[in-house]
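These notes concern the structure reproduced below.
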Amino acid sequence: MEFLQLLISGLANGCVYGLIALGFVLIYKATEAVNFAQGDFMMLGAFITIGLTNAEYMALPFWMALPVSIGIMAVLGYLLDRFVIRRMFGESQTAVVILTIALGFVIRFVAGLIWGHEPQTLENPLAGKDISVGGVVLGMEDVAVIIVTLLLTWSLYEFFNRTKLGLAMQGASQNQLAAYYMGIPVKRVQGLIWALAGAVAGIAGILFAAKGAVDPNTGLLGIKAFAAAVIGGFGSLPGALAGGLIVGVIEPFAARYIAAGYSQVAPYALLLAVLVFRPHGLFSQVRVKKV
Amino acid sequence: MRIVFKTDYMQDIRPWKDGYQLSLYLILLAFMIAAPYLVDDFYLGEITNVLVWAIAGLGLMVLTGHTGQASLGHAAFLALGCYANIILLEAGMPFMVAFPLAGLITGAVGVLIAIPALRMHGIYLAIATMAMSILTDDIIVLTEPWTGGVVGKFAPPVNVFGVMIDRWGTPKEFYWLILGVTVLITLGYINLLRAPLGRSFIAVRDSEVSAQAMGIDVARTKAISFGISCAITGLGGALMGLYATTFNNETFSVVISIQLLMMIVIGGLGSIHGAFFGAIVIGFLPQFLSISKEYVGAVFGGGTVAIPGLEFGVFGLILIVFILFEPMGIYGRWLKIRTWFELFPFYRKNMFKRKKSYLKTERVR
C-alpha cells in the first residue's frame, strides 16, 4: 500500500516536471534553443492565476480565470520572442541559453516585486478533496495533474507529427536556411512556438499551484525538469514526460529508502549517469545523416 | 591615427603590440601596486575581491571564451580548489606548496571529468556541469570529516616568504599576494594564447571540423583546456576561500557558477580583458546599487526599503542588454571606441557588423 501511495504521489510530481520539460522540448524542437527560464515561466503562470482567482487579489471565478491566464502566458511568450529572442535569430545555442538564464533572473525579480516572497497557494475547487480506489487514497489535484499531462503530451505529439504546422516547426529547427527555401516563415513559426511554450508553462503553473505553495524561487524547479528532459532525450515529447515521471518517482522512493543526505542526490546522479552512458538521452533524437 | 609598422616576424607573436601599449600596461601595473596607499582599506578589500573574481573568470574564459565549451559548473572547481588548499594547509603544509598543489589537484580532477564530458557538447555539457555544481553542495555535506559540512571551515593566516598574511589583519599584504597571483596567471594566459596549444583551443572553438582537418586532436585539446581551466579556477577558489575567511557547503552554490559565466559574457567572451571587466561589474554592482538606492531614496523617499533579489534582477537586465546589443561585451564596446579614435575620421558604421547566420540542428549529423 505504501509502495502504491509513494508511486502515485511520485507520478503526480513527475507530471509537473514533465510539463516543464515539455516546454523545453517544444522550444528545442522548433528553434534549437533551450529556454532556461521555462521554470520561471511556470512560476509566472502560477502567480498570474493566483492573482486572477485568489480572494485577496481579483477574485475571478476559477474556471473563468484558467483560460485567461493561459492566454496571458501565451501572449507573454509571443511578445518575448517578438522583442527579445528574435533578435538572436541564427545566433549560437549558448548565447540564447545565457540570455534565457538572465531572463529567469529578471522574471523572478519582477514576480517578487508584484506578489511578494511569501509562499501562496491557488484557491481551487479541487483542493482538499480525495477519492479512494481500493484502499489507495488519491488527492483530486494529483489525479487532475496526471490526466491533464497525459492529454497534453498526447495532443502535442500528434500536433508535431500530423499537422502541417508541426512539421514546419520541425523543419525550421533542422535547417533554418533550407526551411526558408521551402517557404516556411521561420520567424513567425518560432513566435508561435514560444506562445505555445508559454501556454504550456501556464498550464504547468496552474497545476503546480493547485498542488502546493508557490513563491518566486519555485522556478528553480526547472533544474529538475532539465534532468527530466535530458534523461528523456531532448527533442522527444514522450521522452520528456517519461523523464519527468522517472525523476518524480525516484524522489519519494529515494527519500523513503535511502539514507538522508544521499536521497536528494538521486535525480542528478541519474542525470549524470544517463549523460555519461547515453549522451543523448534514453529516447535519443540524434540520427546520422544518410548521404 | 596610429599605425603599427611590422618589421619583424617576431612582432606578430610578441605579447604587446608596440612600446606604447606596453608602457600603458606598465603604468596600470604601477597604479595597482600603489593602490594600498591610494585608497582606504574598505575599497582595497573590494579591489581584492574584483581580482579574485577575475582569476576565477580567467579560468572559465579558457574553457568558454577560447575553447567554446560552456560550463555552468565552475563553482564546483572553485569549491574543490578552496577545500584542497585549506585541507593541505591544515595538514601542516606551507602555503607556497599547498596553493599550487590545490591548483594541480583541481586541474587533474578537471581532466578526469572532461573525459566523459567530452562526449557531450553544447547544451548537454552545460546541463551536465550544472548538475555537477548542484551536487557539489551535497557532496561537501556528505564528506563532512574532511570539509566540515554545514559548519564549514575557517581559513588560517598564511605564511608567504616569512610574512604572515591574513585578510583582516594585513589587508595590504593580502592585496599584494592576490595581485601577484593575478599578474602571474595573466602573463601565463597571454603566453598560452601565443603558443600552439592556445591557438589550437581557438581553432577548436571556431570550427571543430576545420581544426581536425588541420591535424588537431580535438578530444585531447578539449581535455587539456578543461584541465587548465579547472586549475586556474581552483587557484581562484583557494584565494576566494582566503578572502571569505569562513565558508561552508553553501558558499559555492550553483548561483556562483551562473554568475561566473554571466560575468565573462558581460566582460567580453574570448578576451583576457573581458574577465577583468566582468569582475569589475560583479565586484562593484552591489556597492553601486546601494549607493544609487540611497540617492533615489533621498530624492523620492523610502530609500531604506530592502528589495530582495534586486541585485540579480539588475544583473539579469544588464546581461540581456549586452547580449542583444553588444554580444562581445564591454571589451567589444571598448574595441569599437578605440578603433573609432585610431582610424579617425575613417571609421565606418558597419565595420563590426556580424555576418548573417542560420542555425542547423545538432541532432542530425
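Values quoted throughout were computed directly from the atomic coordinates according to the rules given, and no laboratory measurement underlies them. These figures come from a predicted structure and were not determined experimentally. Cβ coordinates were reconstructed from backbone atoms using ideal geometry, including for glycine residues, and neighbour counts include every protein chain displayed.
Its Cα centre serving as origin, chain A has a Cβ charge dipole (Lys and Arg +1, Asp and Glu -1) of approximately 1240 debye.
Backbone geometry of the stretch B:289-299 corresponds, through the Karplus equation with coefficients 6.51, -1.76 and 1.60 at θ = phi - 60°, to 3J(HN,Hα) couplings of 5, 5, 5, 5, 5, 4, 5, 4, x, 5, 7 Hz, x marking Gly and Pro.
Using every pair of distinct Cα positions in chain B, the Kirkwood expression returns a hydrodynamic radius of 22.0 angstrom. The ranking of A:Cys15, B:Cys230 by Cβ neighbour count inside 10 Å, starting from the fewest, reads A:Cys15, B:Cys230. Across the options B:Gln21, B:Gly313, B:Ser210, the greatest Cα extent toward the positive end of the charge dipole of chain B (unit charges at beta carbon of Lys, Arg, Asp, Glu) belongs to B:Ser210. Only lysine pairs 8 or more places apart or on separate chains count here, and in chain A those with Cα atoms under 22 Å apart total 8. Taking Cβ atoms as reference points and 11 Å as the exclusive limit, the residues near B:Pro36 contribute a net charge of -2, counting Lys and Arg as +1 and Asp and Glu as -1. Considering all C-alpha pairs of chain A, those separated by over 36 Å amount to 15%.
Multiplying the residue separation of B:Glu342 and B:Leu187 by 0.36 nm and subtracting their alpha-carbon distance yields 53.2 nm.
For the stretch B:1-110, the Kirkwood hydrodynamic radius from C-alpha pairs, put into Stokes-Einstein at 10 °C and a viscosity of 1.306 mPa s, yields a diffusion coefficient of 90 µm² per second. If R0 equals 35 Å, the separation of the Cβ atoms of A:Thr163 and A:Trp63 corresponds to a calculated FRET efficiency of about 0.80. Across peptide A:273-279, the average count of Cβ atoms from other chains found within 10 Å of a residue's Cβ is 4.
Backbone amide hydrogens, once placed in the peptide plane, bring A:Leu138 within less than 5 Å of A:Ile131, A:Ser132, A:Val133, excluding anything fewer than 5 places away on its chain. Mind giving me the FRET efficiency for A:Tyr181 and B:Ala195? R0 is 41 Å, r the Cβ-Cβ distance, nearest 0.05 is fine. My answer for the efficiency is 0.40. What separates the Cα centres of the stretch B:93-109 and the stretch B:1-43 is a distance of 30 Å.
The charge dipole of the protein assembly as shown, taken about its Cα centre with unit charges on the Cβ of Lys, Arg, Asp and Glu (plus for the first two, minus for the last two), comes to roughly 2980 debye.
Scalar couplings 3J(HN,Hα) for the stretch B:81-98, obtained by applying the Karplus form with A = 6.51, B = -1.76, C = 1.60 to θ = phi - 60°, are x, 4, 5, 4, 4, 5, 5, 5, 4, 5, 6, x, 6, x, 4, 5, 9, 5 Hz; x denotes Gly and Pro. For the stretch B:347-358, 3J(HN,Hα) computed residue by residue from phi via the Karplus equation (6.51, -1.76, 1.60; θ = phi - 60°) reads 5, 10, 5, 9, 4, 9, 5, 7, 6, 5, 10, 10 Hz, glycine and proline entered as x. Judged by the mean number of other Cβ atoms found within 10 Å, the most tightly packed of the peptides B:320-333, A:193-206, B:15-28, B:71-84 leads the ranking B:71-84, A:193-206, B:320-333, B:15-28. Please say if the stretch B:191-347 is rounded, prolate or oblate, where rounded means a/c under 1.5 for a ≥ b ≥ c the square roots of the C-alpha gyration tensor eigenvalues, and otherwise the choice is prolate for a/b larger than b/c and oblate otherwise? It comes out oblate by the Cα gyration axes. Which listed residue (B:Thr143, B:Leu63, B:Gln11) has the Cα farthest towards the positive end of the charge dipole for the protein assembly as shown, taking +1 on Lys and Arg C-beta and -1 on Asp and Glu C-beta about the Cα centre? Selected residue: B:Gln11. Return the long-range amide H neighbours of A:Asn175 (sequence gap of 5 or more, or a different chain), with a cut-off of under 5 Å between placed amide H atoms. Here B:Thr361 satisfy the definition. For the protein assembly as shown, the convex hull drawn through the C-alpha positions has a volume of 191 cubic angstrom per residue. The charge dipole of chain B, taken about the Cα centre with unit charges on the Cβ atoms of Lys, Arg (+1) and Asp, Glu (-1), comes to about 1840 debye, rounded to the nearest 20. Summary of packing: across the peptides A:241-254, A:83-96, the per-residue average of other C-beta atoms within 10 Å ranks them, highest first, as A:241-254, A:83-96. Within the shell of other residues whose beta carbon sits under 14 angstrom from the beta carbon of A:Ile114, the net charge comes to -3, with Lys and Arg scored +1 and Asp and Glu -1. Each of B:Tyr83, B:Phe174, B:Leu72 was scored by the projection of its Cα onto the charge dipole of the stretch B:20-254, and the greatest displacement toward the positive side belongs to B:Leu72; charges sit on the C-beta of Lys, Arg, Asp and Glu.
Between B:Glu173 and B:Leu28, how high is the FRET efficiency from 1/(1 + (r/R0)^6) when r is the Cβ-Cβ distance and R₀ = 30 Å? Nearest 0.05. E between B:Glu173 and B:Leu28, to the nearest 0.05, is 0.90. Residues of the stretch A:116-139 falling in the label zone of A:Leu4, defined by backbone nitrogen less than 12 Å from a point 7 Å along Cα to beta-carbon, are A:132-138. In terms of its C-alpha gyration tensor, the stretch A:162-291 comes out oblate, because a/c is 1.5 or above while a/b does not outweigh b/c.
Please identify which residues in the stretch B:178-203 have an amide N closer than 15 Å to a label point set 7 Å out from the Cα of B:Ala213, following the Cα→Cβ vector. In the stretch B:178-203, the label zone of B:Ala213 (backbone N under 15 Å from the point 7 Å along Cα→Cβ) covers B:203.
In terms of the Cα gyration tensor, with a ≥ b ≥ c the square roots of its eigenvalues, is the stretch A:94-189 rounded because a/c is under 1.5, prolate because a/b exceeds b/c, or oblate? Oblate is the answer for the stretch A:94-189, as a/c is 1.5 or above yet b/c matches or exceeds a/b. Listed from fewest to most Cβ neighbours within 10 Å, the set A:Tyr262, B:Tyr243 follows the order A:Tyr262, B:Tyr243.
The sum of -39500 (n - 2.57) across all DSSP H runs of n ≥ 4, divided by the residue count of the protein assembly as shown, sets its helix-only mean residue ellipticity at 222 nm to -23000 deg cm²/dmol.
Projecting label points 7 angstrom from Cα along Cα→Cβ for B:Asp18 and B:Phe325 puts them 3.3 nm apart.
Peptide A:32-41 is shielded by partner chain Cβ atoms: per residue, an average of 2 of them sit within 10 Å of its Cβ.
Close amide H pairs (under 5 Å, H built 1.01 Å from N) link A:Val214 with A:Gln120, A:Thr121, residues at least 5 positions away or on another chain.
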